Amino acid sequence: MSQSFNADAFQGSFDVLFINPQMAIPHFAVQSIAEISPQKLFDQGVRVVIFDKDNTITAPYINSIYPTLCSVIEEFRNVFGTNLHILSNSAGTNDDPDFRDADAIEQNLSISVIRHQRKKPEGSEDVKKFLNCKDNEVVMIGDRLLTDTLFGNRSGFLTIHTGILTLKGDNIPAAIARFLENQLLKVWKLRGITPPSHPLDTITLL
C-alpha cells in the first residue's frame, strides 16, 4: 500500500536542519540487519526491538521478509519474542483502513505492527504506551534518518541506521529524501556532530 504525505516528517526536517541536527544522527550504522546479533543486543541491555518495515526488513510494499534476512529475523524472533515490533508509516496508521495491511503483515511476518495515529518522527506517545519497558531499553532500526532515526532519538531509544535492501518498487519521493538525508549525514559528521548520548551507545552489534 502507498502512504500519504507525511507533514510531520516535513516539519521535523526543518527542526533538524536549523536547530538540532544531532537528533537525526544514528548511534550505529549498518548495511543491513544481518550485521546485528540479536543475542548480543539482548545481553547488553536491549529488551525491545522496533523495525521500520520497507527497505529495512522487506522490499518496499512487500509483506514478506527479504530473502537474505530470513535467518537473522528468525534469530530476532527467538531472542525477543513478543518484544519484536514493526513501526511503519503506512501499515498501522490512518492510511491503513481497518488496519488490514497491519493484520496481513502480522500474519505473514509473525511480528506485531504497532498501531499509531501520528507518523514518524512523531507518535512517540502512542508507541511508549504500547511498550512495557524503559525508553533506554528500546532500539529503533530503520533506513530513514528524518523518520526512523529522528523518531528513535527523540524517544530516548538507541538508533541503528540501515542501508536499503533494494531500489525495486521504492517510492520515488522517499528515495530522493533518503539520498538527501544521507548526504546531509556526511556533512554533519564532517562537522563533528554526534548523536544524542545514550546508555547503550558503546555496545557492540556483532
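The values are calculated or read from the model by the stated rules, or taken from the named source; none is laboratory data. Treat the numbers as computed from the prediction; the structure is a model and nothing was measured. Heads up, the Cβs are rebuilt from the backbone with ideal geometry, glycines too, and the neighbour counts pull from every protein chain shown.
Test Ala34 against the stated conditions and say whether it is among the hydrophobic types (A, V, I, L, M, F, W, C) and either part of a loop (DSSP other than H, G, I, E, B) or under 14 Å from the mean Cα position of the chain (by Cα) (or both). No; evaluated as a whole, the condition is false for this residue. Would you confirm, using the coordinates I've provided, whether Gly152 is farther than 18 Å from His27 by Cβ, of a type in the set (Gly, Ala, Ser) and either touching a strand residue (DSSP E or B) at 6+ places or on another chain (Cβ under 6 Å) or modelled with pLDDT of 95 or more (or both)? Taking the combined requirement at face value, the residue does not satisfy it. Considering only residues in segment 155-178 that are at pLDDT 95 or above and surrounded by fewer than 24 Cβ atoms within 10 Å (Cβ to Cβ), the one that is farthest from Phe28 (Cα to Cα) turns out to be Thr166.
In this entry, Ile50 passes the filter for residues that are in a strand (DSSP E or B), under 19 Å from Leu205 (Cβ atoms), within 16 Å of the chain's Cα centre (by Cα) and not polar (S, T, N, Q).
His116 meets the stated requirement of being under 25 Å from His198 (Cβ atoms), touching a Gly at 6+ places or on another chain (Cβ under 7 Å) and of a type outside the set (Lys, Arg). For segment 108-122, the criterion of being surrounded by fewer than 19 Cβ atoms within 10 Å (Cβ to Cβ), within 28 Å of Ser64 (Cβ to Cβ) and aliphatic (A, V, I, L, M) is met by none of the residues.
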